[in-house]
Amino acid sequence: MRPCGLEVADIFRQIGPAYRSEHAASLSRGQTRVMSAIEQCRTVALGGHVEQCDACGHHRISYNSCRNRHCPKCQSFVRDQWLQDRQDELLPVEYFHVVFTLPQEIAAIAFQNKAVVYNILFQATSQTLSTIAADPKHLGAHLGFIAILHTWGQNLLHHPHLHCVVPGGGLSPDSQQWISCKPGFFLPVRVLSRLFRRLFLELLRQAFDGGELQFFNAMEALRNRVAFEKYLGPAANTEWVVYAKPPFGGPKQVLEYLGRYTHRVAISNNRLLSFSDGDVSFAWKDYRHESHSKIMQLDGQEFIRRFLLHVLPSGFQRIRHYGLLANRYREANLVRCRELLAMPAPVATPSEVSLDYRDRYERLTGVSLRECPHCRHGQMIQIEVFLAGTQPRGPPPMDTS
């Protein structure tokens, strides 16, 4: 249950215009678009439609969603639909959760070069997992996995890391055998960490040599190759954080996990506690102190600044599939995996595209948008569509959604 009705949109609507005015020179176009989308989400600014119960006459107005991937209100339906697509891809094996984290020095470079460095993070991680898994000393198999980029910590500061969900095994080089991991053990994390560090730094240096990296303000000196190499020195000589969590109990637990991680934004509405006198309070877990639950209070402008740290470059793909699950060969690879694991093929279901959005919503959430919320007997029928920025012509609704 949410502790209050406060939303990120409420904070943006109240102080967003002043924030944009004060920081116009430093805000990117993408950050400005995200702010506007969240402020307008499910308001008259985006238009909507009016429904009426065919039994009791109850009216309901529904405003359109912004559908921005950074909006806390617009992710649940997209997430549920994505999870349903993934359900048929799960195999009857252990699944592991492996996290690859960038050290602070590298995260600072990433902040000024998001698209380039985040792509390097994906590339180095995928090469690391695939290389170590293919080594006969460790597994000797071709893996498949999903990688999900998060750029935040619980305190909303910049903390880029990848969450990888990996089946505990893979296909043999000749695709004639399924090779399983040892029960409860995936791959040695120290080996993963050191290869990840080496591959990442190699790719980062290539990006520097190719003129792909930019440096500003306090980091401007790194444009010089000698200064750049000196800056990388400490990171090149420390252990990078890679860790594997205990394996999931089964496919159902994998889906529950993915549901929590895939379509997250920097902070969800249910973590917000209060917004008064210009300050925002929200719940957070301090992972450096045994995951203790705490309350953080920030000035509203600082809250917005931290939220906007995590706006991704336009078109950037933050969920990616690799190996056996890579898009091009996924279907054929999964057919072969099921054969080797003696797993029946998934039962075909009607195309989601052909369903009305209300049917898709009920199928995914179990909640009916057709049933009248007032009398519980009639059906809600659309009687009017109104355009963005215009008011509905019908009578004031008894309820809003």
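Matching residues to (1) of a type outside the set (Gly, Ala, Ser); (2) without any contact (Cβ under 8 Å) to a residue 12 or more places away in the chain:
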site: Arg198; (1), (2): yes, yes
site: Leu213; (1), (2): yes, no
site: Val226; (1), (2): yes, yes
site: Phe248; (1), (2): yes, no
site: Gly259; (1), (2): no, no
site: Ile267; (1), (2): yes, no
site: Asp277; (1), (2): yes, yes
- Query: When you scan segment 165-191, how many residues do you find that are part of a helix (DSSP H, G or I) and either acidic (Asp, Glu) or over 20 Å from Ile146 (Cβ atoms) (or both)?
  - Reply: 2
- Task: State whether the residues of segment 85-99 include one that is surrounded by 22 or more Cβ atoms within 10 Å (Cβ to Cβ) and at pLDDT 95 or above.
- Result: no
- Message: Kindly evaluate Leu232 against the criterion of being farther than 28 Å from Arg69 by Cβ and either more than 20 Å from the chain's Cα centre (by Cα) or in the same structural domain as Pro188 (by TED's automatic domain parsing) (or both).
- Response: yes
- Message: For segment 272-325, which positions are among the aliphatic types (A, V, I, L, M), more than 18 Å from His161 (Cβ to Cβ) and not in a loop (DSSP other than H, G, I, E, B)?
- Response: Leu272, Leu273, Val280, Ala283, Ile295, Met296, Leu298, Ile304, Leu308
- Item | Residue among Cys53, Cys41 that alone is surrounded by 17 or more Cβ atoms within 10 Å (Cβ to Cβ), over 23 Å from Gln112 (Cα atoms) and either modelled with pLDDT of 95 or more or touching a His at 6+ places or on another chain (Cβ under 7 Å) (or both) | Cys53
- under 19 Å from the mean Cα position of the chain (by Cα) and closer than 17 Å to Leu195 by Cα - does that describe any residue in segment 147-154? no
- Item | Positions within segment 343-354 being surrounded by 12 or more Cβ atoms within 10 Å (Cβ to Cβ) and modelled with pLDDT of 65 or more, in sequence order | Met343, Pro346
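The values are calculated or read from the model by the stated rules, or taken from the named source; none is laboratory data. Quick caveat: nothing in here was measured; it's all calculated off a predicted structure. Heads up, the Cβs are rebuilt from the backbone with ideal geometry, glycines too, and the neighbour counts pull from every protein chain shown.
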